[in-house]
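Notes follow once the structure below has been shown.
No value in this document is a laboratory result; all are computed from the given coordinates. It should be emphasised that the depicted structure is a prediction, and the values quoted were computed from it without experimental measurement. Here the Cβ is made from the backbone with ideal geometry for all residues, glycine too, and neighbour counts use every protein chain on show.
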Amino acid sequence: GVGSLGLRGFQKLENPALRERLKLNEEKHLHSGVRITGVASMSPSHDILKTDDVLLEVGDSKIAQDGTIELKGRDGERIMLDYAISLHAPGEGLQVKILRDGHEKLVNVKLEVDKRLVPIMDTFDCFAQYYMVGGLVFIPLTIPWLEYFIGKSSSPQMLGVFFEKLKTSLPAEGR
């Protein structure tokens with residue numbers, strides 16, 4: 001997987017009123033930083049980064065107010081800040097410079113693969129279909145999900161027993 005800071009999203013800081021509200025110094029932080037709009041509750045940065053923090057730097061890359069960083073070795077070319085994060089493997093620590101309440105802070109965040117409440121099982125970057133009713137989550141029963149679920153149990157041989165019981169319970173036209 002790809003390492004992640006666990007951010008729910010960020011907002012460009014092109015609005016002067018928003019920049020003033022977040023206490024960005026116009027001389028020191030001119031045209032830099034993005035606002036964190038949320039941090040995933042199960043992410044490693046949940047207790048480190050907060051909503052309304054301003055990301056100023058990721059690693060040694062300065063973040064512009066439009067959420068881009070300069071592409072190293074290519075003058076004048078820019079790329080989204082996610083690229084700087086993706087250069088680091090899950091488990092690595094990444095130094096991040098933030099602005100919180102008008103004060104700059106350097107923090108170290110351990111990158112992890114995003115943890116999801118509803119797992120992605122069948123394809124890359126494809127969300128599983130699910131229904132939520134009364135706090136219960138219903139997802140399609142798929143072979144990869146069964147392999148994942150039963151593989152995590154103490155008795156992986158139960159997969160074969162489950163399939164046999166499933167086959168005998170289906171009507172003949174459903175087999």
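Below is a table of values for the structure above.
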item	result
Derived scalar couplings ³J(HN,Hα) [the stretch 75-81; Karplus, 6.51 cos²θ - 1.76 cosθ + 1.60; whole Hz; x for Gly, Pro]	4, x, 9, 10, 9, 4, 4
Approximate spin-label separation Lys167-Asp101, in nm, with each point projected 7 Å along Cα-to-Cβ	6.5
Spatial separation of Cα centroids for the stretch 95-116 and the stretch 12-62, in angstrom	10
³J(HN,Hα), Karplus 6.51/-1.76/1.60, whole Hz, each residue of the stretch 44-56, x for Gly, Pro	x, 9, 4, 8, 9, 9, 9, 4, 6, 5, 10, 6, 9
3J(HN,Hα) from dihedral phi, the stretch 10-15, Karplus parametrisation 6.51/-1.76/1.60, rounded to Hz, x for glycine, proline	9, 10, 5, 10, 8, 8
For Gly33, distant residues with modelled amide H under 5 Å away	Ile63, Ala64, Gln65
